[in-house]
Every structure is written in structure tokens, then in C-alpha cells.
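Before any comments, here is the structure.
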Amino acid sequence: AKATCEVHIFSPEGKKLSYFPVTFHAQCINTDAAGNIYVAGDGKVAKFDKKGKELTSFELPHLKKLLEDKDGIRKEAQDQLDQQKKSFEASVKRFEDMLKKLEEIPEEKRTDLQKNQLKQYQQIVKNFDQTRKFYDNRKVDDIVNQTLGRLRVINGIAISKKDVFIACGESKGFGYAVWRMTPDFKDATQVLSAQRGCCGQFDIQVSGDELLIAQNTMHAWVRYDRDGKEIGKHGKRGQDTDPECFGGCCNPMNLRANAAGDIFTAESEGIIKRYSAKGEFLGTVGYAPLTGGCKNVGVGASPDGSRVYFCDQPGSAIIILAKKAAK
């Protein structure tokens, strides 16, 4: 099959060593303890050895089951479209009622505030006509296609000794789900649902038997057991000037555990922080300014923690942070 994208392998110093093709649109990547490489996206997962030889590939079984339920998806799409139209019409009526009340006030008795509100509401109601055309032309098939496309997006994959975890969208709403399966990709079980993520970004990793999630809408990262039971929630919202806080609209965006069990978090602004395996804040590792807003800033660390790597997506580069030599 024709290659859709490529996986590039680099040395610890950032020198490109090799690459191999992937025959589907890849959206996330990870490795297991043996060094095998897992690439996931478009509803598929492929497993490669260290040299890029494909060992196996498959379509995710739970996604295949969901995608086969076309009647259920169409019903959900119809319900969603009906709810959108109902909500829209309720907004229209609310503004029309407020506009009517203002118009009933004689012009010479209107305050300056009421005059400004009248102009604003007239423009809003006028704009509603264009929005109504959008909903009149919106078809159930449009929502079905949108839902099917979203179900095929795999936002994250993580591999422990016992399990393979997959993060993806849900058929209802706009939340994320996490599924667990065996290393041979059987017995798919949903362990988390209705999870929130910012800007299509929802990163998962593992540390030992624990599942780690960057809860970017909560300004925290969370530890779960393999069954989806919360073990600990770490981090808090605050100013960028406070190292123990996550600033911005939605951080941390990504995280990763190293061989020692330390947890590294990455923020859209290029800030890398380190925590213990139990969630104790150990300090800021480093900073490299990045452009762009909310984005994937995938992070990794060498086994001894002497190097930290993270993704400069707008700059199409991997940034390497090295520990300063002891004086």
C-alpha cells in the first residue's frame, strides 16, 4: 500500500538514523518496554519493531463495532441536530423579545445604554437569519460524517506490561473515551468516558501499571488505575509566574513518565515540569519559547533524566533540553 506518512528515528543527540513508512494517517505514536513502536490513527494501530518492520496491524475492534452501528449513529445525529435547532430558536426568541421591549420604549425616552442595546440586538437578530440558513441546510448526513470521522481519530496510545490503552472520541457528545485491551489487542474494555480535552488534544501515557492523563481543561494531570479509578490529581490553575501552577487556558497539554517513574509535563508555552511518581512537584526542568496557541507539545525524557525532548509543532522541530553539568 502507498505510504501516507513516515516515522523518523533519531539518536539521543537528535541525529536522524532511519525512517519507515506508515500506510494510514498516523495521529499518535508510542513504544513499549521492548522498544517496539506503536503507531495509531484513522481507527488503526500498527506495531513495528525497532528497525521499522511491521509486525502487525489491525482496526480497533470497539471502533469497528461503533462504526457498524449506523442506525444508532444516525439516531444520535438526528437528536443532536434537533437539539441544536431547538437551542438556536430559543436564542432567537430571547433576543427578539429583548428587542421588542426596547422598541416599545418611545425613542425620546430611551437612555444611551438602551439606544446602544437596540442597535446591538437589531444586528444580532439580523445575523440570525444567516445562521438559520445554516441550520436549514444542515443535514443528518453532515453530522453522521462528522461523527464517523471523529471516531476514527486516535488521540493517544500508551502501553504497559499488561495493557494497551487507546484514547479516542465518543459517538455521543464531544468528549473522549479511554479503552483498555490486552497486548494482543483483544478484550477491548472502556475504562473512562466523557473526558474533556482542549483543541482536539487529549494525551495519555502509563507509568508502571498506572494510566496517566493530561487533563488540560482542569490544569492538572491525573493518575488512574488500569480500571479507570482515580488515584491522584496533581497540579492547579494559577499564574505562569508560579512554578507549581499551570497557566494559560489549557495546560498541561502532554506528559510522559521516564524509567525512574518521574513524570514530565509539557505546556503549550514551552514549559517543562517534573513530578515524582506520586505527584509531588519537583521543579521546572526548562523552558524554550514556542509560537502558536494550544497545541500538541509531546514530551519525552532519557532514562536517567539528563535529556528532555519536546515537540515544537509550529516550528516543525524537536527541542532537546540537556541537564547542566555539575560544577
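Here are the numbers for the structure shown:
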quantity: Residues that are at pLDDT 90 or above, open to solvent by 60 Å² or more (accessible area, probe 1.4 Å) and in a loop (DSSP other than H, G, I, E, B), drawn from the stretch 229-241; calculated: Lys229
quantity: Residue among Ala177, Ala257, Ala214 that alone is open to solvent by less than 40 Å² (accessible area, probe 1.4 Å) and more than 14 Å from the chain's Cα centre (by Cα); calculated: Ala257
quantity: Output for the stretch 196-209, where each listed residue is open to solvent by less than 40 Å² (accessible area, probe 1.4 Å) and within 24 Å of Asp262 (Cβ to Cβ); calculated: Gly197, Gln201, Phe202, Asp203, Ile204, Gln205, Val206, Ser207
quantity: Tally, over the stretch 159-171, of residues that are part of a strand (DSSP E or B) and either closer than 19 Å to Cys198 by Cβ or of a type outside the set (A, V, I, L, M, F, W, C) (or both); calculated: 3
quantity: Some residue of the stretch 180-191 being under 25 Å from Asn258 (Cα atoms), in contact with a Gly (Cβ under 8 Å, 6 or more places away or on another chain) and surrounded by fewer than 19 Cβ atoms within 10 Å (Cβ to Cβ); calculated: yes
quantity: Whichever residue in the stretch 105-140 is open to solvent by less than 70 Å² (accessible area, probe 1.4 Å), hydrophobic (A, V, I, L, M, F, W, C) and part of a helix (DSSP H, G or I) and, among such residues, is nearest to Gln80 (Cα to Cα); calculated: Val140
quantity: Residue list for the stretch 147-158, filter: open to solvent by less than 20 Å² (accessible area, probe 1.4 Å), under 17 Å from Ile29 (Cα atoms) and of a type in the set (A, V, I, L, M, F, W, C); calculated: Ile154, Ile157, Ala158
quantity: Tally of residues being crowded, with 20+ Cβ neighbours inside 10 Å and of a type in the set (D, E, K, R) across the stretch 270-294; calculated: 1
quantity: Test: residue in the stretch 204-220 that is within 29 Å of Lys75 (Cα to Cα) and either among the aliphatic types (A, V, I, L, M) or not in a loop (DSSP other than H, G, I, E, B) (or both); calculated: no
quantity: Failed condition for Val308, given (1) open to solvent by 40 Å² or more (accessible area, probe 1.4 Å); (2) farther than 21 Å from Val178 by Cβ; calculated: (1)
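Okay, residues lined up against (1) at pLDDT 95 or above; (2) more than 19 Å from Phe10 (Cα to Cα):
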residue: Pro243; (1), (2): no, yes
residue: Leu255; (1), (2): yes, yes
residue: Ala260; (1), (2): no, yes
residue: Thr284; (1), (2): no, yes
residue: Tyr287; (1), (2): no, yes
residue: Ser302; (1), (2): no, no
residue: Asp312; (1), (2): no, no
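Residues are listed down the side, and each one gets a yes or a no for (1) touching a residue at least 60 places away in the same chain (Cβ under 8 Å); (2) within 18 Å of Met181 (Cα to Cα); (3) in contact with a Leu (Cβ under 7 Å, 6 or more places away or on another chain); (4) surrounded by fewer than 20 Cβ atoms within 10 Å (Cβ to Cβ):
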| residue | (1), (2), (3), (4) |
| --- | --- |
| Glu13 | yes, no, no, yes |
| Lys16 | no, no, no, yes |
| Asn30 | yes, yes, no, no |
| Lys51 | no, no, no, yes |
| His62 | yes, yes, no, yes |
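The values are calculated or read from the model by the stated rules, or taken from the named source; none is laboratory data. Since the model is a prediction, treat every value here as computed from it, not as a measurement. Here Cβ is always computed from backbone atoms with ideal geometry, including for glycine, and neighbour counts include all displayed protein chains. Heavy atoms of the whole protein, side chains included, go into the accessibility calculation; ligands, DNA and RNA do not. Shrake-Rupley method; radii C 1.70, N 1.55, O 1.52, S 1.80 Å.
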